[in-house]
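Asks: Have a look at this one.
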Amino acid sequence: MEQKVWVRTKGSNLYPNTYIILVGPPGIGKSAILSVSERILRVVPDLYVSPSSLTTASMIDTLTMAQRKIMYPTFIQFNSLQVVASELGVFLPAYDATFMNTLQKLYDKEPYEERRRTGKVNHVKIDSPNLSILGGTTPSYLNSFLPEGAWDQGFTSRTIFVYSGQSVYTPIFPDNEGEFELLEHLYIDLLHDLKVIHEMYGKFAWTKEAADTITEWDKAGLPPVPEHGKLAHYNSRRLAHAIKLCMIAAMSRGSMTIDLIDFQMAQIGRA
C-alpha cells in the first residue's frame, strides 16, 4: 500500500506501513508462512522487496534505489521498501543502536539525509521514505536480542509482536489429492488481490458508526490497557497501530471506507 493510501487524522496523514514480527517456538510454521508471503510479494509489479541481510548503509542504498514515481490525479514520488525476514536474526543479527534508530526514523517517514566520507555515493537524501517489515522469531532470540533498555526506546513501540505457540499438524501424505491444486489456486487468488490493492489510491473514509466507536474507545483510554512495564511506550502508539490495522482490514475487503467490522478486526483480531 506504500504511500498511496492514508487516513487524515489530527492534522496529518497516517499511512499503513507496519513493523510486524511473528513470535513463537521453533517449528510451528512461521518460516513457511513468511516464505509464501515473500514469494507473493516478489511478483507484485513495482514492489521492491529487500535482501534478507543488510547493514545500515546497504539498507539506505536499497531504499534509495526503490524509488516510486506514480501519476494518479496528482504526481507523487516516494521511496518504498518491503522487508520480509523469516529469521529476524538474519536481518537483525545483533542489536545495533544506529541501525535501530534508522528503522525508527524510516517508520515515521521523516526525510532521511546522510553524508559519507567513503564510497561511490557521498550524499544520500530521501525526502519521503516508506519502510515495512514482516519478520519471524522465537521468544528466546527476542529476549537475548533486545537489551533491557530497548523496551524504553522507539523500535519496540513501533512494532506489533504477534505471538502464537499453537502448532498446526500438516499430514505427511495428504488424503486429498487435490490439496496441492487448491493451494496453488489460493496463491493465485492472493496474488490477484494484492495486485488490486497495490493499485488503490486515496484517502480513507469512515462510516459514522466506525468513527464514533473508535472515538469513544480513544476517549475511554483505549481499554483494556496492557499493564506490563515494558509496554509503557508501546501503549502510547496503540491508537496509531489500530488505525493502520483498520486501513489494512478495509483494503482486504477491497474498500476505501473503514467500517465498524474493520475496527473490530483491528481492535481484537476478529469481527
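Asks: FRET efficiency for residue 32 and residue 219, Cβ-Cβ distance as r, R0 = 30 Å, nearest 0.05?
Replies: After rounding to 0.05, the efficiency reads 0.10.
Asks: Sort 238-245, 158-165, 142-149 by packing, meaning the average of other beta carbons within 10 Å per residue, with the highest value first.
Replies: Averaged packing, sorted descending, gives the order 238-245, 158-165, 142-149.
Asks: Here's another thing I want to ask about it. If R₀ is 22 angstrom, what is the calculated FRET efficiency for the pair residue 153 and residue 252, using the beta carbon separation as r and rounding to 0.05?
Replies: 0.10
Asks: How much of the DSSP beta bridge set in the chain is antiparallel, as a percent to the nearest 5?
Replies: 35
Asks: Could you tell me which of 28, 41, 62 has its Cα farthest along the dipole of region 26-97 towards the positive end, charges placed at Cβ (Lys, Arg +1; Asp, Glu -1), taken about the Cα centre?
Replies: Of the candidates, 41 comes out farthest on the positive side.
Asks: Still on this structure, I have one more. Using alpha-carbon pairs under 8 Å, 6+ residues apart, how would you state the relative contact order of region 102-254 in percent?
Replies: This gives 23 percent for region 102-254.
Asks: Now for a separate question. Accessible area per residue of the chain at 1.4 Å probe, in Å²? Show your work: numbers first, answer last.
Replies: Details: 15100 Å² over 271 residues.
Roughly 56 Å² per residue, with all protein chains present.
Asks: Another question about this same structure. Is there a pair in 109/230; 125/203; 69/230; 125/244; 10/120 whose C-alpha atoms are over 32 Å apart, and which pairs would that be?
Replies: Listed pairs above 32 Å: 69/230; 10/120.
Asks: Please say if the chain is rounded, prolate or oblate, where rounded means a/c under 1.5 for a ≥ b ≥ c the square roots of the C-alpha gyration tensor eigenvalues, and otherwise the choice is prolate for a/b larger than b/c and oblate otherwise?
Replies: Values: a/c = 1.16, a/b = 1.07, b/c = 1.09.
The shape class here is rounded.
Asks: What distance in nm separates the simple spin-label points at residue 180 and residue 113, each placed 7 Å from Cα in the Cβ direction?
Replies: Taking the simple label geometry, residue 180 and residue 113 are separated by 5.6 nm.
Asks: So for the chain, taking the charge dipole from beta-carbon charges (+1 Lys/Arg, -1 Asp/Glu), which of 6, 194, 89 sits furthest toward the positive end?
Replies: 6
Asks: Compare the peptides 97-105, 193-201, 124-132, 222-230 by average per-residue count of other Cβ atoms within 10 angstrom and give them in order, highest first.
Replies: 124-132, 97-105, 193-201, 222-230
Asks: Output wanted: per-residue J couplings in Hz (rounded whole) for region 95-112, from phi through Karplus 6.51 cos²θ - 1.76 cosθ + 1.60, θ = phi - 60°, x for Gly and Pro.
Replies: So the J values, rounded to whole Hz, are 6, 10, 4, 5, 4, 5, 5, 5, 4, 5, 5, 5, 4, 7, 6, 6, x, 10.
Asks: Leaving ligands, DNA and RNA out of it, report the carbon-plus-sulfur percent of the accessible area of the chain at a 1.4 Å probe. If you can, show how the numbers build up before the last one.
Replies: Details: 8480 of 15100 Å².
Looking at the chain in its full context, I get 56 percent from C and S.
Asks: While we're on this one: Rounded to the nearest 5, what % of DSSP beta bridges with both residues in region 31-176 are antiparallel?
Replies: Roughly 55 percent of the beta bridges in region 31-176 run antiparallel, per DSSP.
Asks: Still on this structure, I have one more. Between residue 98 and residue 236, what length in nm is gained on full extension when 0.36 nm per residue of separation is reduced by their alpha carbon distance? Don't skip to the end; give the middle numbers.
Replies: Working: separation 138, 0.36 × 138 = 49.68 nm, distance 2.30 nm.
Length difference between fully extended and current span is 47.4 nm.
Asks: Then there's this: Can you give the FRET efficiency to the nearest 0.05 for residue 105 and residue 198, using r as the Cβ-Cβ distance and R₀ = 30 Å?
Replies: Values: r = 25 Å, r/R0 = 0.83.
Efficiency for this residue pair is about 0.75.
Asks: How many nm separate the modelled label positions at residue 208 and residue 77, each set 7 Å beyond the Cα in the direction of the Cβ?
Replies: According to this spin-label approximation, the distance is 4.3 nm.
The values are calculated or read from the model by the stated rules, or taken from the named source; none is laboratory data. Just so you know, these numbers come straight off a predicted model, no measurement behind them. Quick reminder, even Gly has a Cβ in these numbers, built from the backbone with ideal geometry, and neighbours come from all protein chains shown. Heavy atoms of the whole protein, side chains included, go into the accessibility calculation; ligands, DNA and RNA do not. Shrake-Rupley method; radii C 1.70, N 1.55, O 1.52, S 1.80 Å.
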